[in-house]
Every structure is written in C-alpha cells, then in structure tokens.
Amino acid sequence: MTGLALGAFIGLVGMFDYFEGRGPTRPRSQAKQSHFRDVPDFLDIVSLAITCGASVLDALSLGARLGPASIRSRLHLVVAAISKRVSFSTALASAEVDAGDPIAVILDVLEQGHIEGGSVARRLEYLAVDYRRIGASRDSAEARRLSVRILFPMVLCMLPSFALLTIVPVLVASPNVT
C-alpha cells in the first residue's frame with residue numbers, strides 16, 4: 001500500500017510539473033520571456049543616460065554594466081565591437097545577435113537616430129512602452145492558457161475528494177439493506 005501511495009504521489013507531482021509547464025521545452029521559453037521582460041528596464045537605463053548627456057556608446061556600456069543579467073552578457077560583445085569604431089550592423093554580426101532579438105531592434109533604433117538625428121532617448125522611451133505593452137499582452141495570454149492547463153489536475157484531485165467527503169460517509173452511515 002505504501003508503494004502504491006508513493007507511486008501515485010510521484011505521478012501527481014509529475015503531472016503538475018507537466019501542466020505547470022515545467023516540461024522539457026519550457027526552460028528555453030521561460031529564459032526567452034525573462035530576457036524579453038528585462039528589455040524595458042534596460043531601455044530605461046540607456047534612455048536616462050542619453051537624456052543626462054551621455055553618448056550612445058557610454059549609455060550602452062552603462063546599460064551593459066547595470067542592466068539585467070539576461071541582456072548583459074551579449075551586450076558586452078556589442079559594446080566592445082562598437083567601441084572599436086565598427087558600425088552597429090557589424091557589431092551585431094560579431095555578437096551573433098539575431099534580427100528579431102530585442103538588442104538588434106534597440107541598436108537599429110540607435111543607428112537610425114544617429115543617422116537621421118533627433119531624440120534617441122525619446123525613441124527608446126517609445127520602444128520601452130511598446131515592449132511593456134507586448135509583455136502585458138503575453139502575460140494575459142499566459143493567464144488565459146493557465147486556466148485551461150490547470151483544469152485537468154483540478155478535476156483529477158477534486159472529484160475523488162468530493163466522493164470521499166460526501167458519498168463515502170453516506171454509504172458508511174447507511175444501514176445495510178439486504
């Protein structure tokens with residue numbers, strides 16, 4: 001009996017891990033989402049530095065030092081390449097940053113601001129607002145999916161407990177009818 005209970009417990013824990021999304025494919029997407037959620041904070045740091053009068057390179061190196069850890073490691077390579085007077089696109093290629101990566105988008109905005117002129121800090125603030133809006137929509141979509149994923153474990157646990165608490169006492173308390 002003890003082995004059966006232990007097996008059932010291990011099965012339930014595994015099932016909850018699966019439905020909570022801690023399966024084999026989840027850690028990569030969680031890392032990508034945390035990287036994505038850290039982008040607005042990084043943009044705030046860089047935008048504030050540029051607003052205070054720092055150059056784009058100084059603002060990026062400040063963001064590389066003080067920014068979130070998920071962005072820091074790749075941004076150091078980009079800052080090192082830009083400090084050698086390499087173009088933004090060459091710096092992205094040297095750091096192996098994909099085109100859809102938020103760092104690539106940020107550096108594209110910085111490069112456009114450098115070429116066209118205008119307020120780079122204002123562009124970064126708008127970009128931070130966009131990333132926050134996208135993050136909020138991803139969070140709400142995840143909350144909607146959570147209700148569907150948690151349905152099966154709830155039913156699996158609630159139905160037996162309902163039977164144990166309501167039906168079994170009635171059956172035990174009823175007189176034996178022969």
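What follows is calculated from the coordinates using simple rules that are stated; it is not laboratory data. Bear in mind that the values here come from a model prediction, so they are computed numbers and not experimental data. Here the Cβ positions follow ideal geometry from the backbone for every residue, glycine too, while neighbour counts run over all protein chains shown.
Taking the charge dipole of the stretch 32-144 about its Cα centre, with +1 at Lys and Arg Cβ atoms and -1 at Asp and Glu Cβ atoms, the residue from 70, 90, 114 reaching farthest to the positive side is 70.
Taking θ as phi - 60° and the Karplus parameters 6.51, -1.76 and 1.60, the scalar couplings of the stretch 42-55 work out to 4, 4, 5, 4, 5, 5, 5, 5, 5, 4, 7, x, 6, 6 Hz in sequence order, x denoting glycine and proline. Here the stretch 32-144 is assigned +1 on the Cβ of each Lys and Arg and -1 on the Cβ of each Asp and Glu. Its dipole about the Cα centre then comes out at about 160 debye. Size check on the stretch 32-144: the Cα extents along the three principal axes, sorted descending, read 47, 28, 24 Å.
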